[in-house]
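The values are calculated or read from the model by the stated rules, or taken from the named source; none is laboratory data. Computed from a prediction, not measured in an experiment: that's the story for all the values here. Here Cβ is always computed from backbone atoms with ideal geometry, including for glycine, and neighbour counts include all displayed protein chains.
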Amino acid sequence: MSAMTESLILVVEDEGIVGLDIQRRLNNMGYVAPEVIATGSAAIQRALELRPQLVLMDIRLKGEMDGITAADQIRLLLDIPVIFLTAYADEDTLRRARITEPHGYVLKPFEERELHIAIDMALYKHQMDRKLKESERWLATTISSITDAIITTDKQGYVTLLNPAACALTGWSREEAIGRHLSEIVSVVDEKTRVASELLDPSALVHATNHAVDPVGLLISRVGDEIPIRYHASPIRGSDNLLLGTVVIFRDVTEQRRIERELLRVEKLEALGLMAGGVVHDFNNLFSAVVNNIALIKTRLNNGEEIHRRLDLLEKALWRGAELTQQLLTFAKGGAPVRKPVHVATLLREAAALVLDGSSIQLDYQIAPELWQADIDVGQIGHALHNLFTNAKEAMPTGGSLTIIAENMTISDEQHPALKPGNYLRIALRDTGAGIAPENIAQVFDPYFTTKHRGSGLGLATVHSIVKRHDGHITVESTPGAGTTFTLYLPAVESPSDACGEPAEPEPQPAGKGRVLIMDDEEMIREATGALLEHLGYRYESAKDGVEAIERYQAALQNNDPFDVVILDLTVPGGMGGHESLARLREIDPDVKAIVSSGYFHDPIVANHRAHGFRGVVSKPYTIEEMSETLHRLIQFDAGDKTT
């Protein structure tokens, strides 16, 4: 017995004998007909309770509600198919009955076979209708969920469907758009010529194949917005290949283009970084040789105040050039900071003087008297401060005041979620400029965001990146018309005993004692560094690459005249560099003490030299004091260095 013949059928008939006869016949056919209902209102109630698969409804019923009204209510409430039973088939009755969308009519008197066929057809049709409606719901849900905009039209070009994405892009609601011509809803022009697209003309698609066109254009929305889109138009054809309509699919490519622009900028920055790395390395080699020679000349001058003064000026200019090359590399590559304890008070004053000198901005320094040193990369933080002072200057084109605050701060576990517990320097720059609009505050550190007519939008983004690389934090507060405050938190040196407001006078270099091996591919660097070492009291030998350095180190061991320290240049074009050389030297002597020397400030080996086996680092160009301190620490405090 089929599932259909087991279906529950509700019989509604006000003639008792007729109703019982129908019930008997249905049960004989294999259907389940539990009872006979005599009135329309009772039929609605029992249908709600029993949920039958079909209702056999007499059109003419006793009482206030006839079968047609009852059937209409059951259809609306339960979506149950109804077959009308009637001995009358006048036009007016049929017209009323059609409104209720019945699944069949059976005229009394009827044959059992006739009734059976009508019921089976009604149940089958209802089952197919439900499957169709379910498919339509799935299709509607799918189309609504698609992020691409979809519009369909009939063959005359009038809109028949519009999904939410299409509503959002065009500015038309579904109710407003359906029934209007596609040309009224969608206006697409060529980006360059501004000529309207002919590819969306339904008449042109009559002769088109099912291969869609996929050009790019500008969608003009209902409110006049111009949105770059990639669109796709195809004809809809029936099984007989006749045109039924058109489907247009278009995608907003605004975000895609933004990403493409950013990728292009990143590629340019990476190319600049590669170029900058080579330029900086070469410049720093030159700076190192010149600075070291100037320093040596000054040590050999017994008098001549004017010569000393001019050499000092030349030396400062060279150091400024070295800082600029480091800033170029910081901007282009964004490498890890090479940290050391730094007096921030001096750094703040130098950066402010460099940017604000000659402006009408009044400076108010509020520097704590016992200010700790910051554990930072001087070049990177100097570049960040330069950007912040430049930002303040541009915010006050006609003048104003800038308060510069620097103070010690110890952060506890829960005091600041963005920072690890520890000692920090809190640096605040408070200007009296125009301020930042509230809607822009959250974006000020975003790459390429700017409210200026000129500018790349990278200044504050670079500051944010540098501070984050230092395990610090930066915040911004602003009131339109009242000014802006940028606050930086930078890690301080571990011991507060290092507190110092200004740098102390440099101590005299201790007399050097020991042998040093220099490996550098630049002859002028080898000569200048060698002269510097002799001035400090060290004996030295030099090598042009790693192979020669290994040979000299091995020979010194065999001659019982070993080197106390090896200074290895990290990069040797066409030869063995410092990293590989150290690995080979450690095979010969596991206790070798090596210093890495490089003009690449942001190489990971320089930034984390101990992890690669080096005991110290001197970044080119370096001062006599830096070289003396590093060598003295390695040679005189060997045991302490091995444990760090």
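Of everything in region 167-183 that's surrounded by 21 or more Cβ atoms within 10 Å (Cβ to Cβ) and free of Cβ contacts under 8 Å to residues at least 60 places away in the same chain, which residue is nearest to R251 (Cα to Cα)? For region 167-183, the residue satisfying everything is T170.
Please determine whether any residue of region 615-633 is in contact with an Asp or Glu (Cβ under 8 Å, 6 or more places away or on another chain), within 27 Å of Q380 (Cα to Cα) and charged (D, E, K, R). Within region 615-633, one or more residues are in contact with an Asp or Glu (Cβ under 8 Å, 6 or more places away or on another chain), within 27 Å of Q380 (Cα to Cα) and charged (D, E, K, R).
To keep it simple, each residue is scored yes or no on (1) of a type outside the set (G, A, S); (2) touching a strand residue (DSSP E or B) at 6+ places or on another chain (Cβ under 7 Å); (3) part of a strand (DSSP E or B).
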| position | (1), (2), (3) |
| --- | --- |
| E6 | yes, yes, no |
| L10 | yes, yes, yes |
| G19 | no, yes, no |
| A42 | no, no, no |
| T69 | yes, no, no |
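Of the residues A196, A122, A97, which single one is under 30 Å from L77 (Cβ atoms), hydrophobic (A, V, I, L, M, F, W, C) and at pLDDT below 85? The unique qualifying residue is A97. When you check Y553 against the structure, is it in the same structural domain as H612 (by TED's automatic domain parsing) and either touching a residue at least 60 places away in the same chain (Cβ under 8 Å) or in contact with a Pro (Cβ under 7 Å, 6 or more places away or on another chain) (or both), yes or no? No; evaluated as a whole, the condition is false for this residue. Considering only residues that are of a type in the set (S, T, N, Q) and within 22 Å of S197 (Cβ to Cβ), look in region 230-265 and name the one that is nearest to the chain's Cα centre (by Cα). Checking each candidate, the answer is Q256. Among the residues of region 158-165, at least one is without any contact (Cβ under 8 Å) to a residue 60 or more places away in the chain, over 21 Å from P235 (Cα atoms) and in contact with a helix residue (DSSP H, G or I) (Cβ under 7 Å, 6 or more places away or on another chain).
A single member of L85, L115, L61, L56 is in contact (Cβ under 8 Å) with a residue 40 or more places away in the chain and part of a loop (DSSP other than H, G, I, E, B), and it is L61.
Is there a residue in region 579-590 that is surrounded by 17 or more Cβ atoms within 10 Å (Cβ to Cβ), out of contact with any Cys (no Cβ under 8 Å at 6 or more places or on another chain) and closer than 20 Å to A528 by Cβ? So far as region 579-590 goes, no, none of its residues is surrounded by 17 or more Cβ atoms within 10 Å (Cβ to Cβ), out of contact with any Cys (no Cβ under 8 Å at 6 or more places or on another chain) and closer than 20 Å to A528 by Cβ. A search for C-beta distances below 9 Å between a residue of region 362-386 that is in contact (Cβ under 8 Å) with a residue 24 or more places away in the chain and outside any strand (DSSP E or B) and any residue that is among the aromatic types (F, W, Y) and crowded, with 23+ Cβ neighbours inside 10 Å, counting only pairs 6+ apart in sequence or on different chains, returns W372/Y424; D377/F601; G379/F601; Q380/F601. Being more than 60 Å from the chain's Cα centre (by Cα), on the phi < 0 side of the Ramachandran plot, modelled with pLDDT of 90 or more and surrounded by 17 or more Cβ atoms within 10 Å (Cβ to Cβ) holds for only one residue in L56, L20, L61, and it is L56.
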